[in-house]
Amino acid sequence: TTIVEVQDIGKRYGNIIALSDVSTSVKAGEVTCVLGDNGAGKSTFIKILAGAHQHTDGTLLVDGEPTTFANPRQALDVGIATVYQDLAVVPLMPVWRNFFLGSEVRKGVGPFKSLDMDFMKKTTKSELAAMGIDLRDVEQPIGTLSGGERQCVAIARAVYFGARVLILDEPTAALGVKQSGVVLKYIAKARERGLGVVFITHNPHHAYPVGDRFMLLRRGKSMGDYPKSEITLDE
Ligand code: ADP
Ligand code: ADP
């Protein structure tokens with residue numbers, strides 16, 4: 001099932017064209033990779049999907065309905081969650097507290113204070129375990145986890161709070177080979193669980209193994225949108 005359909009979307013800031021003629025789709029259980037160098041328009045694309053900016057051209061369809069999000073909250077309410085590179089985590093707070101941080105603004109979950117601490121700890125542990133991360137201690141400050149594990153916690157949190165579409169902003173960019181591997185496995189898990197994933201990266205070697213579709217941005221323009229069967233990865 002197609003969740004998000006992007007049709008010839010563009011974004012102008014005054015005279016500056018940050019993005020033009022971008023088309024792709026996000027389906028349940030698929031990973032859509034958005035590739036491009038600095039200045040290609042990746043951030044602009046994310047912000048439109050996440051409701052932080054509004055497109056000025058083209059059509060964004062969510063569940064078949066033309067949509068323009070006025071703010072990030074509206075995107076979250078239809079299940080589009082964004083994990084930004086600079087994760088919104090508080091390093092000195094325990095993992096479980098970070099997992100439930102901001103839950104008062106998430107749909108369908110009661111205020112943070114009304115949730116029982118044991119429930120939050122257990123849930124954090126089991127949700128991470130379900131995605132393949134076995135944390136010995138959810139009491140440890142999240143700052144003690146590796147960068148890869150922190151990305152995974154942020155993804156698990158979005159999944160738990162009802163995301164249908166996960167937008168991942170360069171989740172492997174700041175990581176070494178091993179930690180990137182952890183995150184890529186995690187992306188595959190999210191896909192298995194039926195989420196639509198938008199994986200923003202400048203690294204084709206990270207995108208290729210987990211991706212189902214690939215859209216390449218260059219200087220704000222789409223160089224095409226291809227299913228995996230139509231691409232090869234040059235050495
Ligand atoms: P990327 O994330 O791929 O590096 P961006 O989406 O940040 O690319 O930027 C794409 C282009 O749009 C760049 O030329 C950038 O300077 C321009 N741009 C982005 N945001 C704005 C803005 N708010 N006002 C004017 N130009 C912008
Ligand atoms: P990031 O790369 O962290 O996503 P950017 O550096 O692209 O963020 O942009 C930071 C902020 O500055 C954003 O709100 C973006 O829209 C804005 N911005 C980016 N490029 C320009 C520009 N050329 N002129 C004005 N604003 C810009």
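The values are calculated or read from the model by the stated rules, or taken from the named source; none is laboratory data. Computed from a prediction, not measured in an experiment: that's the story for all the values here. Note: ideal-geometry Cβ built from the backbone for every residue, glycine included; neighbour counts use all protein chains shown. Accessible surface is based on the protein model in full, side chains and every heavy atom, while ligands, DNA and RNA are left aside. Shrake-Rupley method; radii C 1.70, N 1.55, O 1.52, S 1.80 Å.
Here are the numbers for this structure:
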| item | result |
| --- | --- |
| Selected residue (criterion: farthest from GLU170 (Cα to Cα)) from residues of segment 91-130 that are outside any helix (DSSP H, G or I) and modelled with pLDDT of 80 or more | ASP116 |
| Which listed residue, of ILE80, ILE9, is more than 18 Å from SER222 (Cβ to Cβ), crowded, with 18+ Cβ neighbours inside 10 Å and more than 12 Å from ligand 1 (Cβ to nearest atom) | ILE80 |
| Verdict on ILE46 being part of a strand (DSSP E or B) and in contact with a strand residue (DSSP E or B) (Cβ under 8 Å, 6 or more places away or on another chain) | no |
| Selection from segment 55-77 of residues that are touching a residue at least 40 places away in the same chain (Cβ under 8 Å), assigned to a loop (DSSP other than H, G, I, E, B) and on the phi < 0 side of the Ramachandran plot | HIS55, THR56 |
| Checking ARG219 against (1) touching a strand residue (DSSP E or B) at 6+ places or on another chain (Cβ under 7 Å); (2) within 16 Å of ligand 2 (Cβ to nearest atom); (3) among the basic types (Lys, Arg), the condition it does not meet | (1) |
| Candidates GLU139, GLU192, filtered to the one that is touching a Pro at 6+ places or on another chain (Cβ under 8 Å) and open to solvent by 50 Å² or more (accessible area, probe 1.4 Å) | GLU139 |
| Options ARG12, ARG73; residue that is of a type in the set (D, E, K, R) and out of contact with any strand residue (DSSP E or B) (no Cβ under 8 Å at 6 or more places or on another chain) | ARG73 |
| Residues located in segment 25-43, provided they are within 15 Å of ligand 1 (Cβ to nearest atom) and part of a strand (DSSP E or B) | CYS33, VAL34, LEU35 |
| Complete set of residues in segment 145-185 that are outside any helix (DSSP H, G or I) and free of Cβ contacts under 8 Å to residues at least 60 places away in the same chain | LEU145, SER146, THR172, LEU175, GLY176 |
| In segment 12-28, residue nearest to ligand 2 (Cβ to nearest atom) [restricted to those that are buried (at least 16 other Cβ atoms within 10 Å of the Cβ) and within 16 Å of PRO227 (Cα to Cα)] | VAL22 |
| Top-ranked residue of segment 83-100 - restricted to ones that are open to solvent by less than 30 Å² (accessible area, probe 1.4 Å) and touching a residue at least 60 places away in the same chain (Cβ under 8 Å), ranked as nearest to LEU145 (Cα to Cα) | PHE99 |
| Checklist (1) modelled with pLDDT of 90 or more; (2) buried (at least 19 other Cβ atoms within 10 Å of the Cβ); (3) away from ligand 2 (no atom under 16 Å from the Cβ) applied to LEU175, failing item | (1) |
| Those residues of segment 58-70 which are open to solvent by less than 60 Å² (accessible area, probe 1.4 Å) and either within 16 Å of ligand 1 (Cβ to nearest atom) or of a type outside the set (Ser, Thr, Tyr) (or both), in sequence order | GLY58, LEU60, LEU61, VAL62, GLY64, PHE69 |
| Candidates ILE9, ILE46, filtered to the one that is out of contact with any helix residue (DSSP H, G or I) (no Cβ under 9 Å at 6 or more places or on another chain) and of a type outside the set (Asp, Glu) | ILE46 |
| Any hit, segment 221-228, residues being hydrophobic (A, V, I, L, M, F, W, C) and open to solvent by 20 Å² or more (accessible area, probe 1.4 Å) | yes |
